[in-house]
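The values are calculated or read from the model by the stated rules, or taken from the named source; none is laboratory data. All of these numbers come straight from a predicted model, not from anything done at the bench. Cβ atoms come from the backbone with ideal geometry, glycine included; neighbour counts cover every protein chain shown.
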Amino acid sequence: MVIEKNKVVSIDYTVKDDNGEVIDTSEGREPLSFLFGTGSIIPGLEKELDGKEEGESVSVTVTPEEGYGTYDERLLVDVPKTSFQNPDQIQAGMQVQAQNQDGSTQVLTIKDIGEESVKLDGNHPLAGMVLSFDVDIANVREPSSEELEHGHVHDGNGQEHAE
């Protein structure tokens, strides 16, 4: 079956940075499953997978613009240490959730910890990076009506739906 909009695609993958270091892999785990054409994966990888078939392999290098975006210094913010419930337990590299004014939540990475303040980074951890993907297409199938309605996969290898 050909990969096209609203097909459920399952892939085995390895992602490397521009130094060849493995950032993430599905090796040793179930393939990643997602509903194709719904923004579930980065645009550069989605473009490469479009029209491919089960059993094919794809290798692609994705620029920041087609990946997780360019790094934006404006997304760095300093907050008082007292904003944290347990300021003595925070460490650089940890991720925290913050509630935005509109009620949505945002994941921020702790960049630096000073005497009085903590520098948080709102960029995606892979923003600004050139990424290389090696992908094996494990399966392509029709989605269930529920998956189409919810916009994501419900088979346990992708995003689950909270009831």
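Looking at Val96, Val135, Val107, can you tell me which residue is in contact with an Asp or Glu (Cβ under 8 Å, 6 or more places away or on another chain), assigned to a strand (DSSP E or B) and either surrounded by 10 or more Cβ atoms within 10 Å (Cβ to Cβ) or touching a residue at least 40 places away in the same chain (Cβ under 8 Å) (or both)? Break it down stepwise before answering.
Working: Val96 fails: in contact with an Asp or Glu (Cβ under 8 Å, 6 or more places away or on another chain); Val107 fails: in contact with an Asp or Glu (Cβ under 8 Å, 6 or more places away or on another chain).
When all the criteria are applied, what remains is Val135.
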**Prompt:** How many residues, within region 2-25, are surrounded by fewer than 13 Cβ atoms within 10 Å (Cβ to Cβ) and either farther than 19 Å from Phe36 by Cβ or not basic (Lys, Arg) (or both)?
**Reply:** 6
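Working carefully through the options Asp24, Asp12, Asp102, Asp18, find the one that is modelled with pLDDT under 95 and under 23 Å from Val130 (Cα atoms).
Values: Asp24 fails: modelled with pLDDT under 95; Asp12 fails: modelled with pLDDT under 95; Asp102 fails: under 23 Å from Val130 (Cα atoms).
Matching residue, one of Asp24, Asp12, Asp102, Asp18: Asp18.
Taking region 1-19, which residues are in contact (Cβ under 8 Å) with a residue 60 or more places away in the chain and either under 23 Å from Ala127 (Cα atoms) or in a loop (DSSP other than H, G, I, E, B) (or both)? Can you show your working first?
Within region 1-19, the subset in contact (Cβ under 8 Å) with a residue 60 or more places away in the chain is 1-3, 6-18.
Scanning region 1-19 gives Met1, Ile3, Asn6, Lys7, Ile11, Asp12, Tyr13, Thr14, Val15, Lys16, Asp17, Asp18.
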**Prompt:** In region 46-59, is there at least one residue being under 15 Å from the mean Cα position of the chain (by Cα), surrounded by 15 or more Cβ atoms within 10 Å (Cβ to Cβ) and aliphatic (A, V, I, L, M)?
**Reply:** no
